[in-house]
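Data first, discussion second: the structure below is written as structure tokens.
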Amino acid sequence: MLHMSTHVQTQTDSIAPRHRLRLQGSADRMHIAGKIGLVTSPPIPDRKAWTNEMAAIRDDRDQQAFAALFAHFAPRIKGFLMRSGAHPDLAEECAQEVMATLWHKAHLFDPAKASVATWIFSIARNRMIDKIRKQRRPEPQELPWGPDAEPDQADALAMAQDTERLGQALAALPEKQRRLIERAYFGDLSHSEIAAETGLPLGTIKSRIRLALDRLRHAMN
Amino acid sequence: MTSIQHHLTDALLMGYATGTLPEAFSLIVATHISLCDECRAWMGAYDALGGAVMTDTDGARMTDDSLATTLEMIARGDAGPTPKPHSGGIFPTPLQDYVGGDLDAVKWRWMGGGVSQALLKTDGGPTVRLLRIPGGTAVPDHGHRGTELTLVLQGAFRDETSRFGLGDVEVANQDMSHRPVAEDGPDCICLAATDAPLKFNAIMPRLAQPFLGI
């Protein structure tokens, strides 16, 4: 199984300065590619964790960190919304709003329960339902301990690694199967058409989140 | 938390993550997840898959001044609503938002046979309602033209398949005809969503159907 593959090196706080260098590079690449219209994903999958930037926004209102996240995620959010059927102008506007929400709600981000990409995806999806489909989105009740609980560093790192493996497993799926999953998330399939059996290591992530929830509930009682 | 026996299906969880579920079904999913850590964790996994899909999506070029525009938006400081903590009561917050309060705020309407209902307002398509079934009472025998999701919020009911208690979800489809009976004790309160009118097997409920909106 894919989730039993060799250890995946996930970037951590200890190599923060290198982030800046890589960011510079990917921002330039995006700028050049941007001139020809669509920005394609970099040839080497760029799956860094982005948790340092989130912490810098939360703690220091760091605009440079925000600019780096923006350069990476905003074009992807826009591309995702366009693939989901949004007009480019509306997709642009929503992508900006999603990034503004990321700034305002940075204190609610919990790296032990979601990666940065996961969290941004959920904000973008909800924005799409609200603004593009004009529907109401019922969201589950907030957990009783709130966002103030200090996330465990080991949990956060493990979550980043599991998410990294999920991304690799998705990329390694046979083309046909991968396209089906993409179409589901672009809203091209109704919920009844979605094949639940994906062969992806989703159970690993589920178990990780479940453990974190159990631990926090235990600590509460 | 640990007593929940009947969970959401993979298709419902994935439909909720992709945002393709009708609103009435999403309300059932969000309310169940509020009560169930297992399904909350699954939701996190399906959201992670969404994040992976988004990460791999070809980016679309943002306008030249997009970052500056976004920073101006941030400076204007519209943070949007902050999630509310649960203020007590038996309904989880997503359901309280639809009811406009807890159990005591529900405007019940008599359905016959001692059963009451309250239709909740959602965007067209599938409908969602609260049901109140006194202990020991049966819901009229019915089948389904589509999918019916029933989430228990108080008390319990039994049908031919199993027992459903607090937090349990029953997913009934076309093949299924059943006659749920509330267990003795307090009223059984359920949240039920359906994407097609139910098929009642007796003449009286069938005649009343147009008036009850089921």
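Bear in mind these aren't lab numbers, they're just calculated from the coordinates by the rules spelled out. Treat the numbers as computed from the prediction; the structure is a model and nothing was measured. Backbone-built Cβ (ideal geometry, glycine too); neighbour counts: all protein chains shown.
Show that you can apply the helix-only estimate: for chain B, add -39,500 (n - 2.57) for every DSSP H stretch of four or more residues, divide by all residues, and state [θ] at 222 nm to the nearest 500. Numbers along the way, then the final one.
Values: 6 runs with 70 residues, N = 214.
Computed ellipticity for chain B at 222 nm equals -10000 deg cm²/dmol.
Could you work out the local net charge near B:Leu153, counting Lys and Arg as +1, Asp and Glu as -1, over the other residues with Cβ closer than 11 Å to its Cβ? If you can, show how the numbers build up before the last one.
Numbers: positive: B:Arg132; negative: B:Asp102, B:Asp168, B:Asp187.
Result for the neighbourhood of B:Leu153: -2.
Around B:Gly100, what is the net charge, scoring Lys/Arg as +1 and Asp/Glu as -1 over all other residues with Cβ under 13 Å from its Cβ? Before the final figure, lay out the partial values.
Working: positive: B:Lys107, B:Lys121; negative: B:Asp97, B:Asp102, B:Asp104.
Net charge in that neighbourhood comes out at -1.
Within 10 Å of each residue's Cβ, count the other Cβ atoms and sort B:Cys190, A:Cys94 from fewest upward. Walk me through the numbers on the way to the answer.
Numbers: B:Cys190 27, A:Cys94 22.
Result, fewest neighbours first: A:Cys94, B:Cys190.
Quick check on the exposure proxy: order B:Leu119, B:Leu71, B:Leu27 from fewest to most C-beta atoms within 10 angstrom.
Numbers: B:Leu119 14, B:Leu71 17, B:Leu27 26.
Going from sparsest to densest Cβ surroundings: B:Leu119, B:Leu71, B:Leu27.
Taking C-beta distances below 4.7 angstrom as the pairing criterion, name the unpartnered cysteines of chain B, in sequence order.
Singleton cysteines: B:Cys188, B:Cys190.
Net charge near B:His7: determine it from the other residues with C-beta under 13 Å of the C-beta of B:His7, scoring Lys and Arg +1 and Asp and Glu -1. Write down the numbers at each step before the final one.
Details: positive: A:Lys206, A:Arg210, B:Arg40; negative: B:Asp10, B:Asp37, B:Glu38, B:Asp168, B:Glu170.
Cβ neighbours under 13 Å give a net charge of -2.
B:Asp104 to B:Arg76: extension gain in nm, 0.36 nm per residue of separation minus the Cα-Cα distance? Display every interim value, and only then the final one.
Values: separation 28, 0.36 × 28 = 10.08 nm, distance 3.95 nm.
Length difference between fully extended and current span is 6.1 nm.
Given the options B:Lys84, B:Lys121, B:Lys107, which has the most mean-square fluctuation in a GNM of chain B, springs set between C-alpha atoms less than 10 angstrom apart?
Result for chain B, Cα springs under 10 Å: B:Lys84 fluctuates most.
Please identify, among B:Met54, B:Met14, B:Met62, the residue showing maximal mean-square fluctuation in a Gaussian network model of chain B using a 10 angstrom Cα cutoff.
B:Met62
Evaluate peptide A:88-98: per residue, the Cβ atoms of other protein chains within 10 Å of its Cβ; return the mean as an integer. If you can, show how the numbers build up before the last one.
Values: counts 3, 1, 0, 2, 6, 4, 0, 6, 10, 4, 1.
For this peptide, the per-residue mean of nearby foreign Cβ atoms is 3.
Hey, got the average number of other protein chain Cβ atoms within 10 angstrom for residues in A:172-179? Intermediate results must be reported in sequence, preceding the final value.
On the way: counts 0, 0, 0, 0, 0, 0, 2, 0.
Neighbouring Cβ atoms belonging to other protein chains average 0 per residue here.
Just rank B:Thr127, B:Thr18, fewest to most, by other beta-carbon atoms within 10 angstrom.
Working: B:Thr127 20, B:Thr18 26.
Taking fewest neighbouring Cβ atoms as first place, the list is B:Thr127, B:Thr18.
Using a Cα-Cα cut-off of under 17 Å, which lysines could be cross-linked to B:Lys121, ignoring same-chain neighbours fewer than 8 residues away?
Here the lysines satisfying the reach criterion relative to B:Lys121 are A:Lys134, B:Lys107.
Hey, could you grab the Kirkwood Rh for chain B? Inverse mean 1/r over distinct alpha carbon pairs, Å, one decimal.
19.1 Å
With springs only between Cα atoms under 10 Å, which of B:Pro81, B:Pro94, B:Pro186 fluctuates most in a Gaussian network model of chain B?
B:Pro81
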